[in-house]
Amino acid sequence: MDAIRQSVCIYQAILADVDKHYTMRGGGGIGRIVQNSTSSYSVHLLQEGREDVRTYDVRLAPDGKVTITAVTESTVRH
C-alpha cells in the first residue's frame, strides 16, 4: 500500500470518529488535519475564539485496516 492510500485509510477512520464522537457541531467545521508523526494525527475543529484539537494515535494493518489506539482532546484559544 503506498503512502497516499495509507493516508486516505487513516483520514477516513479519523473523520468517521470525529463524526461519531465530536458533539460541538457549531463553529467553522474542520480547519485542518495534521500528521504529527507516522502514527499520530491531529484534527483541528474550529470554534469561535478557539480550536478544539483531537489528537489520534493510530495503527495501520497491511490490509489498510486502521485501529485508533488513543484519542486526546485539547483546546487552543485565540
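None of the figures in this text is laboratory data; all of them are computed from the coordinates on show. Given the structure is predicted, the values throughout are model-derived calculations rather than measurements. Counting neighbours? That spans all protein chains shown, and the Cβs are built from the backbone with ideal geometry, glycine included.
Observations on the structure shown:
- Take every pair of alpha-carbon atoms less than 8 Å apart whose residues are at least six positions apart; their mean separation over the length of the range 3-77 yields a relative contact order of 25 percent.
- Remark: spin-label model distance Val53-Val8 equals 2.9 nm, labels positioned 7 Å along the Cα→Cβ axis.
- The range 22-78: GluC sites (Glu not before Pro) in DSSP coil with no more than 13 other Cβ atoms inside 10 Å: Glu48
- Cβ-derived FRET efficiency at R0 30 Å, Lys65 paired with His44, nearest 0.05: 0.75
- Cα long-axis angle, helix 3-21 against the chain (0 to 90 degrees, to the nearest 10): 40 degrees
- Taking θ as phi - 60° and the Karplus parameters 6.51, -1.76 and 1.60, the scalar couplings of the range 70-78 work out to 6, 10, 10, 10, 8, 9, 10, 8, 10 Hz in sequence order, x denoting glycine and proline.
- Near Tyr22, no amide H atom lies under 5 Å from its own; only residues 5 or more places off or on other chains count, and H is placed 1.01 Å from N.
- Likely footprinting exposure, Met1, Met24, fewest C-beta neighbours within 10 Å first: Met24, Met1
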